[in-house]
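The values are calculated or read from the model by the stated rules, or taken from the named source; none is laboratory data. Bear in mind that the values here come from a model prediction, so they are computed numbers and not experimental data. Here the Cβ positions follow ideal geometry from the backbone for every residue, glycine too, while neighbour counts run over all protein chains shown.
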Amino acid sequence: MPARAPLRVWVVLAAGLLAISFSPILVRYASAAPGQALAVWRTVFAAVLLMPIAWGKARHEIRALTRRARVLIGLAGVMLGLHFIAWIESLYYTSVASASVLVTTSPLFIAVLGFVVLRERLTVRTMGAIGGAVVGAALIGLADAGDGVFPQAALGNGLALAGALLVAVYLLIGRAVRQHTNFLAYLFPLYATAALTTLVAALVRGVPLAQPWPILGLCLLMAVGPQLLGHGSFNYAVRYLPAALLGLLSLIEPIGASLLAFGLFGEVPRPLALVGMAIVLGAIALAFVRRRSGPPGDR
């Protein structure tokens, strides 16, 4: 039960939620560089920092991975790498609040993909949540379309939704692999593949990767904070707290990010967008009341 969780779990979780909330803020501060360059350096730094820990504690498990596990982890890593590209790029075109809320719709995409691919039954509650999220996302889009601050908000919102879909695919694959794979033996190859994916995508598009130290420092903060500390806190807390509760707590992230964006950049969502955000967050909360989904994806 949540009440029996040690105090340290709540402290770690609170620090993790704060770290994740800073993800879009750090991207904004580093926006002088191309979004794909940020995705490359963030994922590369995360993989490099994790490597000595994973190799020291799970090298035998990594070497013992089956061919099927390697293929699935590789596929999940590609999806995660593309997620980072879409998520970071979205913040160049739309508000922090809109991007942060729309990217949290991944649990609803998981429900839809589970129905389409795995033939899992959708409950009335889940279908209602999906319908509510669609309405909320539409309201956000309508509000942002009339906002002159972000003239390409539709592109940004679409990228955020694409990021949510990519996370959903990555989590579905990861859920299958993690049933028989050590956490670090899964996480390090996953992050390494994600880094390779962002690097290849950047090279194909000719994105300049040489960036000044202030930009690289911000990317390092993204890797240490939101990626390793933030999402690592959820993987730590899931041992003590129900996954559904962690899913609900993850909804604090877009609220925290929106408040930070308001305080630091003066971003004020339009009233219609606020209504849409409330509907989306409420829909996800509704779905999580009954669902036992895993921790949220990386951002």
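Tabulated results
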{"item": "Test result for VAL78, closer than 16 Å to ALA195 by Cα and part of a helix (DSSP H, G or I)", "result": "yes"}
{"item": "Tabulated pairs, the range 88-115, first within 19 Å of ALA201 (Cβ to Cβ), second of a type in the set (Val, Ile, Thr), C-beta under 8 angstrom, 6+ apart or interchain", "result": "ILE88/VAL27; SER90/VAL103; LEU91/VAL27; VAL103/VAL167"}
{"item": "Qualifying residue in the range 111-118 (condition: among the aromatic types (Phe, Trp, Tyr), more than 17 Å from the chain's Cα centre (by Cα) and more than 27 Å from ASN182 (Cα to Cα))", "result": "yes"}
{"item": "Residues of the range 42-91 that turn out to be surrounded by fewer than 24 Cβ atoms within 10 Å (Cβ to Cβ) and polar (S, T, N, Q), as a count", "result": "1"}
{"item": "Enumerated helices (runs of 4 or more DSSP H) restricted to the range 96-161, each holding at least 3 residues that are out of contact with any strand residue (DSSP E or B) (no Cβ under 8 Å at 6 or more places or on another chain) and more than 19 Å from ALA257 (Cβ to Cβ)", "result": "106-117, 124-145"}
{"item": "Helices (runs of 4 or more DSSP H) wholly inside the range 171-289 that include at least 3 residues being at pLDDT 85 or above and either of a type outside the set (Asp, Glu) or in contact with a Cys (Cβ under 9 Å, 6 or more places away or on another chain) (or both)", "result": "183-205, 213-222, 252-265"}
{"item": "Leading residue by the ranking (surrounded by the fewest Cβ atoms within 10 Å (Cβ to Cβ)) among those in the range 92-119 that are within 15 Å of LEU286 (Cα to Cα) and among the hydroxyl-bearing types (Ser, Thr, Tyr)", "result": "THR104"}
{"item": "Scan of the range 66-75 for residues that are free of Cβ contacts under 8 Å to residues at least 40 places away in the same chain and part of a helix (DSSP H, G or I), ordered by number", "result": "ARG67, ARG68, VAL71"}
{"item": "The range 144-155, residues that are surrounded by fewer than 22 Cβ atoms within 10 Å (Cβ to Cβ) and either under 24 Å from GLY35 (Cα atoms) or touching a Gly at 6+ places or on another chain (Cβ under 8 Å) (or both)", "result": "ALA145, ASP147, GLY148, VAL149, PHE150, PRO151, GLN152, ALA154, LEU155"}
{"item": "Tally, over the range 120-135, of residues that are over 8 Å from ALA287 (Cα atoms), of a type outside the set (A, V, I, L, M) and surrounded by 15 or more Cβ atoms within 10 Å (Cβ to Cβ)", "result": "1"}
{"item": "Filtered residues of the range 81-95 (kept if of a type outside the set (Gly, Ala, Ser) and in a helix (DSSP H, G or I))", "result": "LEU82, HIS83, PHE84, ILE85, TRP87, ILE88, GLU89"}
